[in-house]
1. Under the classification rounded if a/c is under 1.5, otherwise prolate if a/b is larger than b/c and oblate if not, where does the stretch 26-96 fall, given a ≥ b ≥ c as square roots of the Cα gyration tensor eigenvalues?
2. Might you report the magnitude of the Cβ-based charge dipole of the stretch 48-123 about its Cα centre, with Lys and Arg at +1 and Asp and Glu at -1, to the nearest 20 debye?
3. Which of 159, 184, 121 sits farthest toward the positive end of the charge dipole of the stretch 107-190, with +1 on the Cβ of Lys and Arg and -1 on the Cβ of Asp and Glu?
4. Extension gain residue 113-residue 31, at 0.36 nm per residue separation less the Cα-Cα distance, in nm?
5. Working from Cα positions, state the angle (0 to 90°, nearest 10) between the long axis of helix 25-38 and the longest principal axis of the chain.
6. Note down the magnitude of the dipole of the stretch 94-225 about its Cα centre, charges +1 on Lys and Arg C-beta and -1 on Asp and Glu C-beta and zero elsewhere, to the nearest 20 debye.
7. With the other protein chains left in place, how much accessible area per residue, in square angstrom, belongs to the chain at a 1.4 angstrom probe?
8. So, with +1 on the Cβ of K and R and -1 on the Cβ of D and E, and no other charges, what is the size of the charge dipole of the stretch 99-171 about its Cα centre, to the nearest 20 debye?
Amino acid sequence: MAPLPAERTILISAFEPFGALDYNPSADLAALLAHRAAHQQLLCQREHGPLQLRTVTLPVEFGRAGELLTSAVAEAQPAAVVALGLAAGTDAVRLERIGVNLRDARIPDNAGAQPVDQPIAEDGPAAWFSTLRLKAAHRRIAAAEIPVRLSLSAGTYLCNEVLYTLLHHLQRNGPAVPAGFVHVPDLRSPEAPVSLDQAAAAVDLLLTESLKPLPDESIPAGSLH
Ligand code: PCA
């Protein structure tokens with residue numbers, strides 16, 4: 001009998017609540033994805049064979065959030081990493097293209113720190129690009145009629161910090177696996193432009209596309225600003 005293919009791990013991170021909300025919809029989304037994965041209900045599992053999903057909830061704290069995520073990466077040795085966060089007021093699932101080496105906090109983090117115009121990594125490059133197959137994923141998510149955008153800025157708060165730190169860590173230490181960040185609207189709001197179910201389907205499509213060992217699709221999707 002042929003040996004069963006080894007199960008690979010997908011690492012998904014979410015954030016604790018911060019600011020005015022006492023919940024963070026990124027954690028709802030990570031929990032729904034974990035539930036679907038446990039029941040073998042994800043498209044990426046059907047297309048890419050045995051995958052288990054691990055989740056980690058990060059504190060909204062400069063320094064600590066990135067440390068926790070990179071230690072989870074070192075421990076799980078995942079086949080892909082998708083970090084999730086809330087972008088209140090956004091009208092779509094935002095596929096972040098770039099993390100910049102900059103901390104500029106509009107509000108203090110949950111430990112009271114409010115860095116202004118500081119680098120995340122003293123010796124790091126100005127920016128890292130997401131290594132997810134964002135163009136291919138954007139095409140498929142849009143085809144499923146889920147509101148989605150490619151985004152050129154994850155801000156200068158914790159979500160950008162985690163994206164930059166994740167990509168910086170993987171470049172330096174490996175594994176060389178697809179990784180990036182997705183911002184979601186407040187999925188619990190009655191006016192949410194995207195439902196929790198749609199957000200989960202979007203992340204599933206993103207994983208399905210990103211696990212393909214192919215370069216991203218070359219689809220013009222640039223913006224003027
Ligand atoms: N969103 C914040 C940090 C935590 C979260 O969910 C951000 O966009 O930076």
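1. Working: a/c = 2.10, a/b = 1.24, b/c = 1.70.
Cα axes put the stretch 26-96 in the oblate bin.
2. Details: 6 positive and 10 negative charges, 59 e Å.
Its charge dipole is roughly 280 debye.
3. 184
4. Details: separation 82, 0.36 × 82 = 29.52 nm, distance 2.81 nm.
Between residue 113 and residue 31, full extension yields 26.7 nm more.
5. 20
6. Working: 12 positive and 15 negative charges, 67 e Å.
Here the size comes out at about 320 debye.
7. Numbers: 10590 Å² over 225 residues.
On a per-residue basis, 47 Å².
8. On the way: 7 positive and 7 negative charges, 114 e Å.
I would put it at about 540 debye.
The values are calculated or read from the model by the stated rules, or taken from the named source; none is laboratory data. Not measured: the values here are computed from a predicted model. Don't worry about glycine lacking a Cβ; one is built from the backbone with ideal geometry, like all the others, and counts go over all protein chains shown. We work out accessible area using only protein heavy atoms, side chains counted, and drop any ligands, DNA or RNA first. Shrake-Rupley method; radii C 1.70, N 1.55, O 1.52, S 1.80 Å.
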